[in-house]
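To start, the structure itself, in structure tokens.
The values are calculated or read from the model by the stated rules, or taken from the named source; none is laboratory data. Every value quoted in this text rests on a predicted model; they were computed, and no experiment measured them. In this analysis, Cβ positions are derived from the backbone assuming ideal geometry, glycine residues included, and neighbour counts consider all displayed protein chains. Note: accessible area is taken over every heavy atom of the protein model, side chains too, but ligands, DNA and RNA are not part of it. Shrake-Rupley method; radii C 1.70, N 1.55, O 1.52, S 1.80 Å.
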Amino acid sequence: VSPAVPIGFNFTYYGTVFTQVIIGANGYVTFGDVTSEFRSQSVPNAFTPNGFIALNFADLDASASLTDTIRTLTAGVAPNRTFTIEYLDVPHFNGLGLPCRVQAILFETTNEIVMQIDDATADNSSVGGGNVFTSIGIEDTTATNGLQYLVASSAGLIANNVAVRFIPPVAPGA
């Protein structure tokens, strides 16, 4: 789990403004929940973490090699900046399954999230307490609202060469 990472601009997520994220080693980013949870879940779900973006939420091992990496980048000029979180060749903890290659891009002003999925992977393992699922989606901080793109329990490549755009919901009466 990372220390708080500045986004570089105000990002409104489910109606709340955030300026930083916490990057988990297990394929998800949170807006405040500090946890090292490795058991993936369907979205939304009351279990922690909450308030997250799940790029490839699974039991990953970012310390497994020198070639895998988790990195961020803020780019552009206000009011059109982006903040990118990338998991590049991050393997699963048990060594099974393919490494994942995914990005989430947060857009200033529109508050949209685009996930670029080169390879999202699952290992179908129950090692260390069970993590038989890999999930991709977003969830609010109350764990009552979320959008699930995918939950998979079969090992191997679960999505590749896909981009998924999450557009903030319009408030009732707006």
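Summary of values
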{"quantity": "Sole exception among (1) open to solvent by less than 60 Å² (accessible area, probe 1.4 Å); (2) modelled with pLDDT of 90 or more; (3) charged (D, E, K, R); (4) in contact with a Ser or Thr (Cβ under 9 Å, 6 or more places away or on another chain) for ARG71, by number", "calculated": "(1)"}
{"quantity": "Filter result for ASN94 (in contact with an Asp or Glu (Cβ under 8 Å, 6 or more places away or on another chain), at pLDDT 95 or above and open to solvent by 30 Å² or more (accessible area, probe 1.4 Å))", "calculated": "no"}
{"quantity": "Residue check, GLY76 modelled with pLDDT of 95 or more, more than 12 Å from the chain's Cα centre (by Cα), open to solvent by 50 Å² or more (accessible area, probe 1.4 Å) and within 20 Å of VAL114 (Cα to Cα)", "calculated": "yes"}
{"quantity": "Residue in the stretch 1-13 that is open to solvent by 60 Å² or more (accessible area, probe 1.4 Å), within 26 Å of ALA122 (Cα to Cα) and among the small types (Gly, Ala, Ser) present", "calculated": "no"}
{"quantity": "The stretch 101-119, subset without any contact (Cβ under 8 Å) to a residue 60 or more places away in the chain and in a loop (DSSP other than H, G, I, E, B), residue nearest to the chain's Cα centre (by Cα)", "calculated": "GLU112"}
{"quantity": "Filtered residues of the stretch 2-44 (kept if at pLDDT below 95 and on the phi > 0 side of the Ramachandran plot)", "calculated": "TYR14, GLY15, GLY27, GLY32"}
{"quantity": "Cβ pairs under 7 Å, 6+ apart, first in the stretch 24-48 and over 15 Å from THR134 (Cβ atoms), second acidic (Asp, Glu) and part of a loop (DSSP other than H, G, I, E, B)", "calculated": "THR48/ASP33; THR48/GLU37"}
